Amino acid sequence: MFFPTARAAQFYAALARASGCESYDLHSRLSQGARDKAAAAFGSSPSAVMFASDVIARGLDFPDVSLVIQVGWCV
């Protein structure tokens with residue numbers, strides 16, 4: 001799931017983890033090491049959910065992803 005802000009991606013990933021869903025967040029507020037670790041863990045999981053910011057979304061490639069959701073704000 002892609003969100004317009006890093007804070008939104010971080011919030012919804014934490015909410016999903018609190019409900020028991022295997023999930024990872026990937027955004028500019030993380031260190032490069034934390035981003036690499038999250039991407040690797042997500043890529044090797046058969047059923048995890050990734051919550052990422054729009055900026056991070058550019059250039060990511062996870063071959064076995066079957067659903068991508070873009071979340072936006074309506075004004």
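Values computed for the structure shown
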{"item": "Qualifying residues in the range 17-26 (those that are open to solvent by less than 100 Å² (accessible area, probe 1.4 Å) and over 10 Å from the mean Cα position of the chain (by Cα)) - the one farthest from Pro4 (Cα to Cα)", "result": "Gly20"}
{"item": "Residue under evaluation His27, criteria (1) closer than 22 Å to Trp73 by Cβ; (2) free of Cβ contacts under 8 Å to residues at least 24 places away in the same chain, criterion not met", "result": "(2)"}
{"item": "Flag for Arg29 being surrounded by fewer than 17 Cβ atoms within 10 Å (Cβ to Cβ) and touching a Lys or Arg at 6+ places or on another chain (Cβ under 9 Å)", "result": "yes"}
{"item": "Identity of the residue in the range 1-16, out of contact with any Asp or Glu (no Cβ under 6 Å at 6 or more places or on another chain) and hydrophobic (A, V, I, L, M, F, W, C), that ends up surrounded by the most Cβ atoms within 10 Å (Cβ to Cβ)", "result": "Phe3"}
{"item": "Residues being among the basic types (Lys, Arg) and either in contact with an Asp or Glu (Cβ under 6 Å, 6 or more places away or on another chain) or surrounded by 11 or more Cβ atoms within 10 Å (Cβ to Cβ) (or both) - total across the range 36-71", "result": "1"}
{"item": "In the range 42-65, the residues that are more than 11 Å from Ser23 (Cα to Cα) and of a type outside the set (D, E, K, R)", "result": "Gly43, Ser44, Pro46, Ser53, Val55, Ile56, Ala57, Gly59, Leu60, Phe62, Pro63, Val65"}
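The values are calculated or read from the model by the stated rules, or taken from the named source; none is laboratory data. Worth saying up front: this structure is predicted, and the values here are computed from it rather than measured. No Cβ is skipped: glycine too gets one built from the backbone with ideal geometry, and neighbour counts run over all protein chains shown. In case anyone asks, the SASA skips ligands and DNA or RNA and just uses the protein heavy atoms, side chains included. Shrake-Rupley method; radii C 1.70, N 1.55, O 1.52, S 1.80 Å.
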